[in-house]
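To start, the structure itself, in structure tokens.
The values are calculated or read from the model by the stated rules, or taken from the named source; none is laboratory data. Keep in mind it's a predicted model, so treat the numbers as computed, not measured. Neighbour counts are summed over all protein chains in view; Cβ atoms, including those assigned to glycine, are modelled from backbone coordinates with ideal geometry.
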């Protein structure tokens with residue numbers, strides 16, 4: 001278990017982490033999200049004892065990292081995928097760690113196989129790509145077979161197959177009852193990998209909870225209704241005091257689509273049923289994790305996007321058309 005309690009870290013006059021608190025559960029993958037400069041890496045370094053907190057503390061299974069009797073069998077971490085001596089081979093790098101901590105040679109072979117780099121085990125690290133370095137970093141983190149694992153941007157530099165492999169590895173490790181903390185800027189990947197999320201901005205906690213609480217809450221749910229008579233649908237919803245917007249028709253729904261933000265399908269379906277209104281669609285959609293993340297961290301980014309994304313001087317993106325009735 002990882003517990004961050006009122007953590008504060010300052011570098012001179014700059015506050016990187018500001019009274020941050022959260023607790024991670026065993027058997028779950030927790031995604032650690034935030035814009036660049038939000039304090040994610042600093043928090044991970046404080047957990048691993050690489051930076052000394054200005055205030056508060058971080059504990060792993062109730063102990064600060066520096067007080068753990070056997071650190072590498074308690075927690076494994078990937079914070080820098082290229083923190084290796086370039087003249088060593090992958091096998092030599094792992095053997096150095098194994099020898100200094102009393103791990104058997106067989107474990108080196110196991111993690112090389114587990115991370116898919118057995119074929120390059122005797123290649124010097126100066127010739128490793130970013131993705132290969134990430135795999136070696138993960139192998140090093142797994143060497144002590146720890147119950148707690150911390151990964152900072154583990155899919156950085158990996159191809160799609162490697163990204164899927166990391167996802168499946170995280171899920172498998174959590175399934176064994178381990179505590180997993182992983183940061184990433186790939187929201188689509190986090191939505192498939194993480195059970196829980198901790199979102200920070202400018203060093204402060206913004207939100208935390210189950211992934212579904214972020215994407216499937218009423219605030220991020222839309223009910224879509226279509227049928228041959230849009231006017232009848234809107235009249236029925238208005239009578240039931242259900243607020244809606246109307247989108248123009250397209251090739252799939254020529255008459256248009258009525259959208260109810262934050263609505264309940266059962267309530268809407270009942271209102272249309274008692275009004276004897278024919279419908280062809282009553283579906284539910286949710287905001288993507290990326291959309292929710294952008295909403296949560298609006299105003300928290302260190303460097304915002306420019307308004308002129310068209311690349312043409314003097315032009316700005318066209319505004320989206322306004323919705324229908326409210």
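In summary, no strands (runs of 3 or more DSSP E) completely within region 226-326 bear 2 or more residues that are over 30 Å from residue 16 (Cα atoms) and at pLDDT below 70. Taken over region 234-250, the criterion of being within 14 Å of residue 281 (Cβ to Cβ) and out of contact with any helix residue (DSSP H, G or I) (no Cβ under 9 Å at 6 or more places or on another chain) is satisfied by 247, 250.
Residue 216 - would you say it is surrounded by 13 or more Cβ atoms within 10 Å (Cβ to Cβ) and modelled with pLDDT under 90? Even if it seems obvious, please write down each step before you answer.
Working: surrounded by 13 or more Cβ atoms within 10 Å (Cβ to Cβ): yes; modelled with pLDDT under 90: yes.
It is true that residue 216 is surrounded by 13 or more Cβ atoms within 10 Å (Cβ to Cβ) and modelled with pLDDT under 90.
Counting only helices (runs of 4 or more DSSP H) that sit wholly inside region 78-193, those with at least 3 residues that are modelled with pLDDT of 90 or more are 90-101, 105-114, 130-142, 160-175. For region 163-188, a residue qualifies if it is buried (at least 19 other Cβ atoms within 10 Å of the Cβ) and in contact with a helix residue (DSSP H, G or I) (Cβ under 8 Å, 6 or more places away or on another chain), and the qualifying residues are 163, 166, 167, 169, 170, 180, 181, 182, 183, 184.
Going by what's in this entry, would residue 38 be described as surrounded by 16 or more Cβ atoms within 10 Å (Cβ to Cβ) and either in contact with a helix residue (DSSP H, G or I) (Cβ under 6 Å, 6 or more places away or on another chain) or in a loop (DSSP other than H, G, I, E, B) (or both)? Against the criterion (surrounded by 16 or more Cβ atoms within 10 Å (Cβ to Cβ) and either in contact with a helix residue (DSSP H, G or I) (Cβ under 6 Å, 6 or more places away or on another chain) or in a loop (DSSP other than H, G, I, E, B) (or both)), residue 38 qualifies.
Only residues that are within 14 Å of residue 229 (Cα to Cα) and surrounded by fewer than 13 Cβ atoms within 10 Å (Cβ to Cβ): list them for region 253-272, please. Give the derivation first.
Step one: list which residues in region 253-272 are within 14 Å of residue 229 (Cα to Cα), which gives 253-258, 272.
Within region 253-272, 254 is the sole residue that qualifies.
Yes or no: region 69-82 includes at least one residue that is over 24 Å from the mean Cα position of the chain (by Cα) and either outside the structural domain of residue 25 (by TED's automatic domain parsing) or surrounded by fewer than 16 Cβ atoms within 10 Å (Cβ to Cβ) (or both). Yes, region 69-82 has at least one match.
Screening the candidates 31, 56 for the property of being in contact with a helix residue (DSSP H, G or I) (Cβ under 8 Å, 6 or more places away or on another chain), in contact (Cβ under 8 Å) with a residue 12 or more places away in the chain and either buried (at least 17 other Cβ atoms within 10 Å of the Cβ) or more than 30 Å from residue 113 (Cα to Cα) (or both) yields one hit, 31.
Is it true that residue 107 is within 24 Å of residue 169 (Cα to Cα), free of Cβ contacts under 8 Å to residues at least 40 places away in the same chain and under 24 Å from the mean Cα position of the chain (by Cα)?
So residue 107 does not fit the description; no.
For every residue, the table says whether it meets (1) under 30 Å from residue 298 (Cβ atoms); (2) not assigned by TED's automatic domain parsing to the domain that holds residue 15.
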residue	(1), (2)
160	yes, no
168	no, no
182	yes, no
190	yes, no
200	yes, no
239	no, yes
246	yes, yes
260	yes, yes
263	yes, yes
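Take the conditions in the same structural domain as residue 193 (by TED's automatic domain parsing), touching a strand residue (DSSP E or B) at 6+ places or on another chain (Cβ under 8 Å) and in contact (Cβ under 8 Å) with a residue 12 or more places away in the chain and apply them to residue 256. Does it pass? Spelling it out, it is not the case that residue 256 is in the same structural domain as residue 193 (by TED's automatic domain parsing), touching a strand residue (DSSP E or B) at 6+ places or on another chain (Cβ under 8 Å) and in contact (Cβ under 8 Å) with a residue 12 or more places away in the chain.
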